[in-house]
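Asker: Got a structure for you, written out below as structure tokens; questions coming shortly.
The values are calculated or read from the model by the stated rules, or taken from the named source; none is laboratory data. The shown structure was predicted, so the numbers you read here are calculated from the model rather than taken from an experiment. Positions of Cβ are backbone-derived with ideal geometry, glycine not excepted, and every protein chain shown enters the neighbour counts. Heads up: the accessible areas ignore ligands, DNA and RNA and are worked out on the full protein's heavy atoms, side chains in. Shrake-Rupley method; radii C 1.70, N 1.55, O 1.52, S 1.80 Å.
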Amino acid sequence: MEFSINQLLDNFSDDKLVTPKAIEKKLGIGDDSKSVRRLQVALDALEKIGVLEKDKGRYRRIHEEGLVEGRLRCSSKGFCFAIQDVEGAEDVYVRESRLSNAWNGDRVLVRVTKDGVRRRSPEGEVRLILERSNPTLLSNVKLTDGSYRAVPLDDRLLFEVELVPDEETPDLDVAVGKLVHLEMVRFSLGNHLPMGRVLQVLGDDAESTNDIDLVCCKHNLPRRFSAKALTAAASLPRGVRKADLKHRLDLRKTLTARIGNAAAISIAEVETGWELSVHIPDVATYVTAGSPLDLEAQKRLRSFFLGDTILPMLPEMNVFNQAEYLTMSVLIKLDHEGNMLSFEIQPSAILVRANLSCQRAQQILDGKVAVDEDAPSQEIDTEVEALVHLIAKVGTLLQERSNAIRLVLPQLLSQEADEGVRGLTIVPLTLPIAGIVMEVMILANKAIASHLQSLAIPSIYLRQIPPDQGKIDDWLKLLESMGITFQLETPEQVQIADLHGILEQVNQLEQGATRDILKYLLLSMFKTNEYVMAPAMHFGLGLIEHPYVHGVFPQNHYADLLIQRVLHTVFEEGRDRRSIRIKDGINLRSSSAHGQVNWSVLPPETERELIEGLEAVVPKLNQADALYHRSISDLDGLRKAEFMRSHTGENFYGIITSVQSYGFFVEIESLLVEGLVHVSSLKDDWYEFPLINGKGRARASTLLVGRRSGRQYCLGDRVEVQVKGVDYYRQQIDLVAVVNVVESDRDLSNTSESNPELEAALEEFPEEIDAAILE
């Protein structure tokens, strides 16, 4: 079992003494003697350098003053900063000579050696590398003096890797001059070069390599399952057995359909309103803790949806490809206005009458009768069509009542079908049914969350905090330049009601492309979801005081699988009364139990083990989600760069979305692609921020002004640009302005008449760009 120093130190908290055996259990080492020895060596080393202290065979963490933990972020010029996790904490500058062989992206423990003064950051030195972030690398191979060397494609990694042959690549000549995916065998040690071995020869360069291969190799995403996992998946039962129905609701006679990748849905209109049911595949019954399938899922912790390519968390489980399968059903009663009256969560079995793609379900709503392309032999009967219309009716009702931020955008983003992007509901322009189904899934998640909270069951909740106010303020400046003004309820922090009001005005803009750009920019400001152990707000869904979990996709998210296991534990081991002397218990599967429980539902030992297990996995879940978002961002960036590279030299119209001292960024209409117009490309004049009251220049501004001509490039201006060049791997698009923006009636009184030598003065800008990137 591999583990990092960071994972090891995560087991120490509150200055408590911890035994090596307890650490072995939390790290999942088991009886692996080699890993046990590695653990003891690591503990001894950490004690020797003063990070841990030993007391009668047990260890505790020493928190030394002046030591900070952070992740290294370096530039291509070799200067690095340790970025702390604590919001508002200063970044620590680390000179190249004090990196102690740490690389860009590594998690490190840094000793602060010099306090920051004025605008200078504090300085420090790397004391300990907690976790390596580059176990594999994309590199170009060269032959130097009879030695095979790999040069990392990431220019922030300023070293070469010595390659060693192995069984996979015994002859390294085949890799010379090629782009390869290599695995680190040994990291830098003193003056010795790091060593690696070739995993895969990809192509001549990044441009000639498949984008999915690039993303998977760059982020080291696993694409193969172990033989044990494949065997375990193949041995699962093919359908519902009689024994499986014990202690389950048999809902196989209930009309049920699946739309897209979402959980199956059934719905019926009753006198009091609606009976809406969401039937979640009961993955926990087949993927038990510690099983080969569970160990495989723990390596990934979620499925990765990369365009049309899916890297699943689990091997294909044919048991869920049948019409009949086991489920965990959330049975919800709604009134006519869509308010939730009550609900139950029940292990069940269902029979799915129809599996519909979102496209086919939308065709049904639109009155089109074409056969589903994904299932050409499947004819949709009238009952299923009626069910789809009923789902749409109730889902639309839920949307009208929802306080969530809902963005209708062209389907240009690499997004998975089972959840939104950055915690928001993203509705493809041509598929309203996708947003409707998502609203039903959100309702089921809210029901599960409220149940776990009411019963005081340890669980994993989903949190999303509001966007950074600074980014919102910049967005508001852009809106103001387009004639949209809005007064925030509290200027210090945007509220969900503020965004709803602003979006109403955005939707009234005439230019559809401008609307899309503004929504896309808003989307990029939202924080990603975060798993936490306590109920918390979810800003994007408008849930400020209500808890939320993600529990309806256990086949794709390990957190959802854990939620399902927790529910099974409650139903199987939970105490439905305070003591056995009390005759009648409560129904632990029903919302009728809410407010009735004043005892611990789970046995103490079960609850303790559950808390320990969830606490250990939550950081890993957040790391996996962060990796996922970096991966889809990279894929989006590569595909946009490839598209723009094929249009080099062509002209496009776009909106200026950000103004910096070194140039301005333009979001190209309809494409949602951003590029930079550097000031060095503006040959007609010297452009800079305007003077303030005729004196010093602003450190930040919404416009650039030509010194001689007074021409302006202002935030929100629509400009014509030409694609000058594209750096594919870096995903950077260079633009040049084709025609200057028409002069307006803006105040030009503070502009200077002087006209210095433009080209000589441009030398300062590359450093400004590097500094901006590091920010």
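Asker: Relative contact order of the chain: what whole-number percent is it, with Cα pairs under 8 angstrom and at least 6 residues apart?
Answerer: 8 percent.
Asker: If you average the C-alpha positions of region 586-625 and of region 483-540 separately, how far apart do those two centres end up, in angstrom?
Answerer: Taking the Cα centre of region 483-540 as reference, the centre of region 586-625 is 33 Å away.
Asker: Within the chain, which whole H helices from DSSP have a Cα span along their axis of at least 24 Å and a mean Kyte-Doolittle hydropathy of -0.5 or more, if any? Could the numbers behind the result be given before it?
Answerer: Numbers: long enough: 382-401 (29 Å, 0.42); 432-454 (34 Å, 1.03); 604-645 (61 Å, -0.55).
Flagged H segments are 382-401, 432-454.
Asker: Tell me the per residue accessible area of the chain using a 1.4 Å probe; a whole number in Å² is fine.
Answerer: On a per-residue basis, 48 Å².
Asker: Moving on to the next point. Give me the lysines in straight-line cross-link reach of K477: C-alpha distance below 17 Å, same-chain residues under 8 apart excluded.
Answerer: Counting by Cα, and skipping residues close in sequence, K477 has these lysines nearby: K519.
Asker: Also, I was wondering about something else. Just order 717-726, 653-662 by mean Cβ neighbour count inside 10 Å, highest at the front, would you?
Answerer: Highest-to-lowest ranking by the protection proxy: 653-662, 717-726.
Asker: Rounded, prolate or oblate: pick one for region 465-594, where a ≥ b ≥ c are the square roots of the eigenvalues of its C-alpha gyration tensor, a/c under 1.5 means rounded, and failing that, prolate if a/b is larger than b/c, else oblate.
Answerer: Taking the square roots of the gyration eigenvalues as a ≥ b ≥ c, region 465-594 is prolate.
Asker: Could you name the lysines in cross-link range of K26, using Cα to Cα under 27 Å and dropping any fewer than eight places away on the same chain?
Answerer: K16, K34, K48, K54, K56, K228, K299, K620
Asker: Can you grab the distance from the C-alpha centre of region 19-72 to the C-alpha centre of region 86-100, Å, no decimals?
Answerer: Answer, in whole Å: 24.
Asker: Just to confirm the filter: which chymotrypsin sites (Phe, Trp or Tyr not before Pro) across region 1-86 are DSSP coil and have at most 15 other Cβ within 10 angstrom of their Cβ?
Answerer: Details: sites: F3, F12, Y59, F79, F81; in loops: F3, F12, F79.
Of the chymotrypsin sites (Phe, Trp or Tyr not before Pro), the ones in loops of region 1-86 whose Cβ has at most 15 other Cβ atoms within 10 Å are F79.
Asker: Another question, then. When you count, for each residue, the other Cβ atoms within 10 Å and take the mean per peptide, how do 538-551, 622-635 rank with the highest first?
Answerer: The most tightly packed comes first, giving 538-551, 622-635.
Asker: State to the nearest 20 debye the size of the charge dipole of region 70-181 about its Cα centre, where the only charges are +1 on K and R beta carbons and -1 on D and E beta carbons.
Answerer: 800 debye
Asker: Stokes-Einstein diffusion coefficient for region 423-542 at 25 °C in a medium of 0.890 mPa s, Rh from the Kirkwood formula over Cα pairs: what value in µm²/s?
Answerer: Value of D from the Cα-based Kirkwood radius: 152 µm²/s.
Asker: Rounded to the nearest 20 Debye, what is the dipole magnitude of the chain about its Cα centre when Lys and Arg each give +1 and Asp and Glu each give -1 at the C-beta?
Answerer: That gives a dipole near 2440 debye.
Asker: Rounded to the nearest Å, what's the spacing between the alpha carbon centres of region 308-367 and region 248-282? Just the number, please.
Answerer: Centre-to-centre (Cα) distance: 7 Å.
Asker: Determine the gain in length on full extension of the stretch S291-I310; use 0.36 nm per residue of separation and subtract their C-alpha separation, reporting nm with one decimal.
Answerer: On the way: separation 19, 0.36 × 19 = 6.84 nm, distance 2.31 nm.
Gain in length upon complete extension: 4.5 nm.
Asker: Multiply the residue gap between N403 and S592 by 0.36 nm, knock off their C-alpha separation, and tell me the result in nm, one decimal place.
Answerer: Net length gain for the segment: 65.5 nm.
Asker: Show me, bin by bin at 5 Å from 0, the whole-percent P(r) of region 176-234 based on Cα pairs.
Answerer: Bin by bin from 0 Å, the calculated values are 4, 15, 18, 17, 16, 14, 9, 5, 2, 0.
Asker: Would you list which aspartates and glutamates come within 18 Å of K683, measuring only between C-alpha atoms, while excluding same-chain residues fewer than 8 positions from it?
Answerer: Reachable aspartates and glutamates: E720, D734, E743, E753, E757, E759, E763, E764.
Asker: While we're on this one: Which of the listed residues, A513, V532, I502, is farthest toward the dipole's positive end in region 495-559, when Lys, Arg count +1 and Asp, Glu count -1 at the beta-carbon?
Answerer: V532
Asker: Does region 603-685 classify as rounded, prolate or oblate by the C-alpha gyration tensor (a ≥ b ≥ c root eigenvalues; a/c under 1.5 gives rounded; else a/b over b/c gives prolate, otherwise oblate)?
Answerer: Because a/c hits 1.5 or more and a/b exceeds b/c, region 603-685 counts as prolate.
Asker: Right, next: Calculated FRET efficiency, E69 and L230, Cβ-Cβ r, R0 60 Å, to nearest 0.05? All intermediate terms of the calculation are to be shown ahead of the outcome.
Answerer: On the way: r = 39 Å, r/R0 = 0.65.
According to the calculation, E is roughly 0.95.
Asker: Given the rule -39500 (n - 2.57) for each run of at least 4 DSSP H residues, summed and divided by the residues of the chain, what is its mean residue ellipticity at 222 nm, to the nearest 500 deg cm²/dmol?
Answerer: Value at 222 nm, helices only: -9000 deg cm²/dmol.
Asker: Could I have the simple spin-label model distance between D250 and R37, label points 7 Å from Cα toward Cβ, reported in nm to one decimal?
Answerer: 5.8 nm
Asker: Next question, about the same structure. What residues qualify as long-range amide H neighbours of S329, i.e. H under 5 Å apart, gap of 5 or more or another chain, H built at 1.01 Å from N?
Answerer: Correct list: I280, Q346, S348.
Asker: Among A456, L407, L179, whose Cα projects farthest towards the positive end of the dipole of the chain, with charges put on the beta-carbon of Lys, Arg (+1) and Asp, Glu (-1)?
Answerer: Going by the charge dipole, the pick is A456.
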